[in-house]
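Any read-out appearing in this document is the output of simple, stated calculations on the displayed coordinates, not a laboratory observation. Being a predicted model, the structure only gives us computed values, none of them experimental. Every residue, glycine among them, receives a Cβ derived from its backbone with ideal geometry; neighbour counts consider all protein chains shown.
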Amino acid sequence: MARVFSGIQPSGEMHIGNWLGAIQNYVALQDGNDCLYCVVDQHAITGAYEVATLAERTREMAISLLAAGVDPSRAVLFVQSHVPEHATLAWLLATIAPLGELERMTQYKDKAQRFESVPTGLLTYPVLMAADILLYRAEAVPVGDDQVQHLELARELARRWNAAFSRESPFFPEPQPILSPAKRIMGLDGQSKMSKSLGNTIGVTEAPEAIWQKLRPAMTDPARKTKTDPGTPEICNIYALHRHFSPPETVEHVATQCRSAGWGCIDCKKVLATNMSERLAPIRDRSLELRGDPDTVRQVLGDGAATARRMAAETMVEVSNRMGFLVEGA
Ligand code: ATP
Ligand code: MG
């Protein structure tokens, strides 16, 4: 039994990359592990964001997690900003985080290009992420490929902190990533990782018609200019998606039809749209139910925050003692 923690930003709707790369593991790990899952709203404010919709996006993300199978009777589901200790521990860890390594983070370098004046929070994002995980002394973190580098930093911060403040018996475990076979799903543009912030996604709660409208213009093998040009399935993102949404015999058929130009890309996408819609239908149905039941969602997040706060407070007592802070009332 391991302590598991992971977070997802309410920076947009949960997409199939999140689901295949991380959320399916969130659900699977609930069997036999001690899991905490968090809607990391404080991460979603690094950079310009829409204030008016943040709360609603946060609630929606919690709904999507529940709809995807996060089970509040087996996992703690909560909102990051409801537990102030995340930010407190992030500050403490920032005092030992090497600037050079933060500057070398791929996500930082990518996202920093989108700003004229780069906010410090973008640079220290991985420190807050380390705090999220270490606050619960988690050992395992289900994530997509893009977060592996941040987790390396979390391990380094755990090691540094242990070496400085907890020499005899290391207080923080070194959290390990748990990756899925779909650790990096490409966006519909076929150019970059599917990302909420890039608008190249298919949401897990989208209706079949919306899924089709998004798949129809999606990038395929550029060699297939017309229906009669044969293609190479291995370089086509639509084929990659078939491997995650279609049964093995369909995947094989798709590959043959692509190589022989038996099908046009539209034929191939139609089959994918049908299979994807079918797989996502239960998530969509459940999310519609939950949207109509705000009391349940409120209750789940309230209970989750209470449990998380209790755990976080325990950790912070130990952290404060080891770092030598004056205990209140002492
Ligand atoms: P943003 O663009 O705002 O960063 P995002 O789509 O990257 O949003 P996050 O909330 O940052 O989503 O990540 C949630 C989880 O989903 C993380 O574990 C992340 O590694 C994983 N993930 C994100 N995008 C993908 C993807 N394209 N393929 C596989 N896993 C992904
Ligand atoms: Mg991301």
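Computed about its Cα centre, the charge dipole of the chain is approximately 620 debye, with only Lys, Arg, Asp and Glu carrying charge at their Cβ. Helix screen, the chain: DSSP H segments with Cα axial length of 18 Å or more and mean Kyte-Doolittle hydropathy at least -1.0 are 51-68, 120-134, 148-165, 265-291, 294-323.
If you keep only loop residues by DSSP, which chymotrypsin sites (Phe, Trp or Tyr not before Pro) in the stretch 228-328 have at most 14 other Cβ atoms within 10 Å of their Cβ?
Here the sparse-neighbourhood loop sites are 325.
Taking other C-beta atoms within 10 Å as the exposure proxy, 186, 276 rank 186, 276 from fewest upward. Using the Cα coordinates of the stretch 286-330, the gyration tensor eigenvalues translate into equivalent-ellipsoid semi-axes of 38, 9, 6 Å, sorted from longest to shortest. Projecting the Cα atoms of 301, 280, 311 onto the dipole axis of the stretch 254-316, where Lys and Arg carry +1 and Asp and Glu carry -1 at the beta carbon, places 280 farthest toward the positive end. Among the GluC sites (Glu not before Pro) in the stretch 106-158, those located in a DSSP loop and surrounded by at most 14 other Cβ atoms within 10 Å of their own Cβ are 116.
Label-to-label distance for residue 101 and residue 216 is 4.9 nm, based on points extended 7 Å past Cα in the beta-carbon direction. The ranking of 274, 53 from fewest to most other beta carbons within 10 Å of each one's beta carbon is 53, 274.
Amide H contacts of residue 176: 140, 141, each under 5 Å away and 5 or more positions distant or on a separate chain (H built 1.01 Å from N in the peptide plane; Pro and chain starts excluded). Computed over the chain with a Gaussian network model linking Cα atoms closer than 10 Å, the most mobile of 296, 58, 46 is 296.
Restricting the stretch 87-136 to chymotrypsin sites (Phe, Trp or Tyr not before Pro) that sit in a DSSP loop and have at most 12 other Cβ atoms within 10 Å of their own Cβ leaves 115.
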